[in-house]
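This report concerns only the one structure given below.
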Amino acid sequence: MQDDPPVTSTTAKSAVYVVASKDYLTTCDISDTIFELHTDAQVICHLSIEAAMADICRHSTIAVVFAEAGVALVDQLQLDQIIATRGGKLVLMGTAAEAELEAAEIGSYPWPVLCRPFSAAVIKSWLPPRHTAPKATAGNNAGPDTLPLHLRIVD
């Protein structure tokens, strides 16, 4: 397998989002919501946060990482620190994060948790504000309002 070169913020033209979840419907809901607000986003999907680490580390900037993980895994991978150095946000989800949030004192859990059932409005609340993407002007099929969509499911 060939390693991809690091993507710097000057090379990446769209915001990068990572979704790490074993639940296909959750992954689709999050991805669809991101694309609804940021049509030029790059969404990278993995079945686990461990599998997503190479993609997270490969990018110099990350908008948001939605990770199926609890505190122990975040600490083990130093996930919060890695994402913070890339200017991004960490949103946890899944059984472990929900149980930990419920057991914690109100306001003491260190990261936001996407609790089930969730809505598109909740996901949007963690995304950067909507921005207008530049209009595509090149390519055979690129009309004046055509925007690229980037969804890469890796696992």
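The values are calculated or read from the model by the stated rules, or taken from the named source; none is laboratory data. This is a predicted model, so every value here is computed, not measured. Positions of Cβ are generated from backbone atoms using ideal geometry, with glycine treated the same way; all protein chains shown enter the neighbour counts.
For the stretch 104-134, what are the residues that are of a type in the set (A, V, I, L, M, F, W, C) and under 23 Å from Ser48 (Cβ atoms)?
Trp111, Val113, Leu114, Cys115, Phe118, Val122, Ile123, Trp126, Leu127
Just to be sure I understand, how many residues within the stretch 95-133 are more than 19 Å from the chain's Cα centre (by Cα) and either part of a helix (DSSP H, G or I) or surrounded by 11 or more Cβ atoms within 10 Å (Cβ to Cβ) (or both)?
7
Going through the stretch 40-53 one residue at a time, which ones are over 12 Å from Tyr17 (Cα atoms) and either of a type in the set (S, T, N, Q) or part of a helix (DSSP H, G or I) (or both)?
Ser48, Ile49, Glu50, Ala51, Met53 - these are the residues of the stretch 40-53 that are over 12 Å from Tyr17 (Cα atoms) and either of a type in the set (S, T, N, Q) or part of a helix (DSSP H, G or I) (or both).
Among Ile30, Ile82, which is under 22 Å from Arg130 (Cα atoms), assigned to a helix (DSSP H, G or I) and not small (Gly, Ala, Ser)?
None of the others qualify; the one that does is Ile30.
With Leu90, Leu73 as the choices, which residue is outside any loop (DSSP other than H, G, I, E, B) and more than 11 Å from the chain's Cα centre (by Cα)?
Leu73
Kindly provide the set of residues from the stretch 10-32 that are more than 15 Å from His46 (Cβ to Cβ) and either modelled with pLDDT of 50 or more or surrounded by 12 or more Cβ atoms within 10 Å (Cβ to Cβ) (or both), ordered by number.
Within the stretch 10-32, Ala12, Lys13, Ser14, Ala15, Leu25, Asp29, Asp32 qualify.
Take the residues in the stretch 41-65 that are closer than 16 Å to Val113 by Cα and free of Cβ contacts under 8 Å to residues at least 60 places away in the same chain; name whichever of them is surrounded by the fewest Cβ atoms within 10 Å (Cβ to Cβ).
Among residues in the stretch 41-65 that are closer than 16 Å to Val113 by Cα and free of Cβ contacts under 8 Å to residues at least 60 places away in the same chain, the one surrounded by the fewest Cβ atoms within 10 Å (Cβ to Cβ) is Ile49.
For the subset of the stretch 134-152 comprising residues that are within 30 Å of Ala69 (Cβ to Cβ) and surrounded by 14 or more Cβ atoms within 10 Å (Cβ to Cβ), which member is modelled with the lowest pLDDT?
Among those that are within 30 Å of Ala69 (Cβ to Cβ) and surrounded by 14 or more Cβ atoms within 10 Å (Cβ to Cβ), it is Pro148.
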